[in-house]
Amino acid sequence: MHFDRRSFIRSTSLGLGSLALPKDIFSITGQTEKKLGIALVGLGSYSAGRLAPALQETEYIKLTGIVTGTPEKAKDWAEKYHIKTENIYTYENYDSIKDNPEIDVVYIVLPNGMHAEYTIRGAQAGKHVICEKPMANSVRECEEMIAACKKAGVKLQIGYRLLYEPNNMEMERICREKEYGDIRAVESSNAFYARDDWDNWRFHHELAGGGPLMDMGVYSIHGVRHAMGSEPVAITAQSFNTRKEKFTDIEETLYWQMYFDSGVVANCMTSYSARAGHLQVHTDQASYRLEPAFGYGPLKLMVKGEEVKIPHTNHQAVQMDAFARNILDNTEVVASGTEGLNDLKVIEAIYKAAKSGEKVMV
Ligand code: NAD
């Protein structure tokens, strides 16, 4: 998608930019469009707080099924979202979803350590898959997930909602088109202050795959890769712990540097003991700053000290509608498995560099 700043604002305020086009085609031809059906796998806070509400706003996909291990949740969700009994699955009978024509897509919203298994089982059931970020706990798992989807002939999207978010897209465009010159330096941080709920899977290595780097830092990695429009070649990293009694199984705070072929270095931070969420790009003529950069919005983009006023969108609705269009039109997925895989390559290099104290090639 290409937008100059004026046409970008016009198209987002009219609807969803290029996403509106196929719908117009349907109305011209007089066909009635069938919405795809999606099942949410895992009914935790992101499913309940963001995805199910977003699915009330989507144009091309609707909530038709759920997969849960908790009977009370199944009952509540069935009532609230009018889910048919035959479209409610448990983790045990999940594979039989293959026989359900009302479910085209499964959306894996489980702890990170379960992403690979449920993506692969979903693909083997013949369903298109959206899998939450981080894609998995390792590069090897990401490769297995991509291979399983390819073998089954289904599409795979990673829940990188910001690849469809107008402020982030505009930041990427300005960088790509070198609107104010070549990039010389990049900084990004993403962190939150964890206060309680220490039993949560996020604080345990086996299900989380790591600490804030997996959960929050992945956004900085992703933002930097897209601002740069290229992959880093090497990484250095440093780990710190100001709450040693709490952070025994996972890291608390990480700084890392991403080295690019051009000589540019991106300096990044993530933590479960701080509050941050920004992406800043410096050129020889200007700086561009997204802050907040990674939350659910409204987000704010400053270019050369001036705010670029971009209308807020529902990130999750736009992301899921885009995937539905990819399926309906058989087009390439923007937030592809390769995106998730490339982020995991950087994550593995960061952990290796932090442990060894050495510069690690990606
Ligand atoms: P959560 O803890 O609120 O929900 C996890 C769900 O998994 C729960 O319903 C839980 O019952 C279920 N589950 C099944 N087996 C489990 C097990 N063995 N241990 C623990 N839970 C189990 O988590 P969440 O915040 O909804 O996060 C889920 C996924 O979504 C994560 O991968 C996270 O990174 C991702 N996420 C993405 C965004 C985003 O903006 N894209 C935002 C939040 C979360």
| field | Subset of segment 296-313 (residues that are within 16 Å of the ligand (Cβ to nearest atom) and either over 14 Å from the mean Cα position of the chain (by Cα) or among the aliphatic types (A, V, I, L, M) (or both)) | value | 297, 298, 299, 312, 313
| query | Which one of 230, 239, 271 is among the polar types (S, T, N, Q), open to solvent by 30 Å² or more (accessible area, probe 1.4 Å) and under 23 Å from residue 357 (Cα atoms)? | reply | 239
| Sole exception among (1) open to solvent by 20 Å² or more (accessible area, probe 1.4 Å); (2) more than 16 Å from the ligand (Cβ to nearest atom) for residue 88, by number | (2)
| task | Could you tell me whether residue 263 is under 19 Å from the mean Cα position of the chain (by Cα) and either open to solvent by 10 Å² or more (accessible area, probe 1.4 Å) or closer than 27 Å to residue 107 by Cβ (or both)? | result | no
| Would you pick out the residues in segment 126-161 that are among the small types (Gly, Ala, Ser), surrounded by 24 or more Cβ atoms within 10 Å (Cβ to Cβ) and closer than 22 Å to residue 328 by Cα? | 159
| request: Can you give me the number of residues within segment 282-310 that are open to solvent by less than 60 Å² (accessible area, probe 1.4 Å) and over 28 Å from residue 263 (Cα atoms)? | output: 5
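Is there a residue being assigned to a strand (DSSP E or B) and more than 16 Å from the ligand (Cβ to nearest atom) anywhere in segment 136-150? Reasoning before the result, please.
Within segment 136-150, the subset assigned to a strand (DSSP E or B) is none.
Checked against the condition, which is being assigned to a strand (DSSP E or B) and more than 16 Å from the ligand (Cβ to nearest atom), segment 136-150 yields no hits at all.
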| request: Of all residues in segment 31-83, count the ones that are open to solvent by 40 Å² or more (accessible area, probe 1.4 Å) and part of a loop (DSSP other than H, G, I, E, B). | output: 11
| request: Identify all residues within segment 266-295 that are within 17 Å of the chain's Cα centre (by Cα) and closer than 18 Å to residue 193 by Cβ; write none if there are none. | output: 270, 277, 278, 292, 293, 294, 295
| request: Could you tell me whether segment 169-180 includes any residue that is surrounded by fewer than 24 Cβ atoms within 10 Å (Cβ to Cβ), on the phi > 0 side of the Ramachandran plot and either within 11 Å of the ligand (Cβ to nearest atom) or in contact (Cβ under 8 Å) with a residue 40 or more places away in the chain (or both)? | output: yes
| field | Residues of segment 16-63 satisfying the condition of being at positive phi and modelled with pLDDT under 85 | value | 17, 30
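The values are calculated or read from the model by the stated rules, or taken from the named source; none is laboratory data. Given the structure is predicted, the values throughout are model-derived calculations rather than measurements. We place every Cβ from the backbone using ideal geometry, glycine too, and count neighbours over all the protein chains shown. Just the protein is used for accessible areas: all its heavy atoms, side chains included, with ligands, DNA and RNA removed. Shrake-Rupley method; radii C 1.70, N 1.55, O 1.52, S 1.80 Å.
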